[in-house]
1. Considering only DSSP beta bridges with both partners in the chain, what is the antiparallel share in %, to the nearest 5?
2. Cα convex hull of the range 11-150: mean projected area in nm², to one decimal?
3. Relative to the longest principal Cα axis of the chain, at what angle does helix 69-80 sit, 0 to 90 degrees, rounded to 10?
4. If each of E166 and L259 carries a label point 7 Å out from its Cα toward its Cβ, how far apart are those two points in nm?
5. Which whole-Hz ³J(HN,Hα) couplings does the range 137-151 yield from phi under the Karplus relation 6.51 cos²θ - 1.76 cosθ + 1.60, θ = phi - 60°, glycine and proline marked x?
6. Pick out, in residue order, every one of the chymotrypsin sites (Phe, Trp or Tyr not before Pro) in the range 175-277 that is DSSP loop and has at most 12 other C-beta atoms within 10 Å; say none if there are none.
7. Hey, of (1) 1.59; (2) 1.10; (3) 1.34, which did the structure itself give for Cα Rg over 2.2 N^0.38 Å when calculated?
8. Output the 0 to 90 degree angle, nearest 10, between the alpha-carbon long axis of helix 520-536 and the longest principal axis computed from the alpha carbons of the chain.
Amino acid sequence: DIHFDLVDHDKVHNFRIQKQTPLNLFKEEVAKEFGIPVQFQRFWIWARRQNHTFRPNRPLTPQEEAQTVGALREVSNKAHHNAELKLFLEVEHGPDLNMLPPPEKNKEDILLFFKLYDPDKEELRYVGRLFVKSSTKPSEILEKVNEMAGFASSQEIDLFEEIKYEPSVMCDPLDRKASFRSSHIEDGDIICFQKRPPPESEGQVRFPHVPSYLEYVKNRQIVHFRALERPKEDEFCLELAKNHTYDDVVEKVAQHLGLDESSKIRLTPHNCYSQQPKPNPIKYRAVDHLLGMLVHYNQISDILYYEVLDIPLPELQCLKTLKVAFHHATKDEAIILNIRLPKPSTVGDVINEIKTKVELSHPSAELRLLEVFYHKIYKIFPMHEKIENINDQYWTLRAEEIPEEEKNLGPNDRLIHVYHFTKDSAQNQAQVQNFGEPFFLVIHESETLAEIKARIQKKLQVADEEFLKWKFAFLSLGRPEYLEDSDIVSSRFQRRDVYGAWEQYLGLEHSDTSPKRAYSNQLQNRHTYEKSVKLYN
């Protein structure tokens, strides 16, 4: 079978036919299908031009008319590298709309297609075709063109050649005083025309001429805007253009939202695969055009997320914003703080800023900043570390007071990690699952588990009845070794470094009854990220 398209005026009909079928039998099929007798049919072969447009190129020769459809496809494929056979069906009609045999065509005759543009309706439509002599000038066919559109014969019209649409629109005015040959007009070309706009009409229509309308059609893009905090719901839609600049886009969004300052709009692109916002927002004027905001790999999205900031985005980009959970020394609830400082600031500056926003247990209390990832402490940030490269997107930043006992460690004391855990027995073998808030604990050289348990119970304020159910274990790389009350705990912790030892810890095994923190959902999301980090690293 051969698959090919037949174009009849502005309609495309799809056919599947055996390749050994003679073309004259195919013509009979067309006659039955469309009621066009064979003698009134003339078929043209299409050609792909150097500018990648695809136009009817020439009528079939008598030799080609005698071939099979399969042989004709081979001719088309060799000449134009097109696997499918595409034909244009020309049917001539007289003044009374009766069909006529196709007119004689020689090298001087050119087949042109005409489209009429109406700026008021913003409509461009096909109105017909004409054979013209290549030596004639556009000014000599104006009456025929007007008749095609139903205009008065004296109507002033402007003519344009629609040259190409991809990758950019090219539609140039046609010189009505030059011959079609000198303007390089050939078979299959498209001429667009419109009434000549009167001078007073300027500014009354959006797209006064054919080229501006084609640019609009080429670049128009409906964009669905969603508030970043509600990423599943469309808030509004705007008709924009793919070639709109960054400033154009944020200005349109600001206008829709009734904002005076478009610089307070921050946009975030859409991830076509996850159907979520991308992790990083678009920086101020970092993307030249709307199309760049919508492209994700080889796909074009139609979704953007927006935020309304409290300060202009260029100012915000000079600052670093960190989300920090502050844990009070005695109160159970954590306070979520958004700390905004200049990018060259240090962790020490963050600590000083936190002190102005929270209630401390005593005025001289010292604070530290920790990196917590899925219920484990991975890092204590040095005070001199720059905040610019700190990532609070996947890790939770925690600020807390440094207990007095940690400030006076003896030579044989240890500062160990203490984590809560349960064992998930849903798997074939029990998996350790951490939960809750991790913490540091000072243990002394000869201290037994019983003594340490008493301190932990006091620190966490757990009732006796509940605490009796807890089990204690030394964990290394996720494997628990359960401890007895008489065990000397420090003998298990031989590593001296305080952080970097997150896989060696004292585990508190009990059911998870702790109240969920405000950011517990983020931690769950980060668990997914932790798996991917392990996978790709």
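1. 80 percent
2. Averaged projected area of the range 11-150's Cα convex hull equals 10.6 nm².
3. Orientation of helix 69-80: about 70 degrees from the principal axis.
4. 3.6 nm
5. 10, x, 4, 7, 10, 4, 4, 5, 5, 4, 4, 4, 8, x, 8
6. Y273
7. (1)
8. So the helix axis and the longest Cα principal axis differ by about 70 degrees.
The values are calculated or read from the model by the stated rules, or taken from the named source; none is laboratory data. None of the values given here were measured: they were computed from a predicted structure. Note that we place each Cβ from the backbone using ideal geometry, even for glycine, and neighbour counts take in every protein chain shown. Keep in mind that these areas ignore ligands, DNA and RNA; they rest on the heavy atoms of the full protein, side chains included. Shrake-Rupley method; radii C 1.70, N 1.55, O 1.52, S 1.80 Å.
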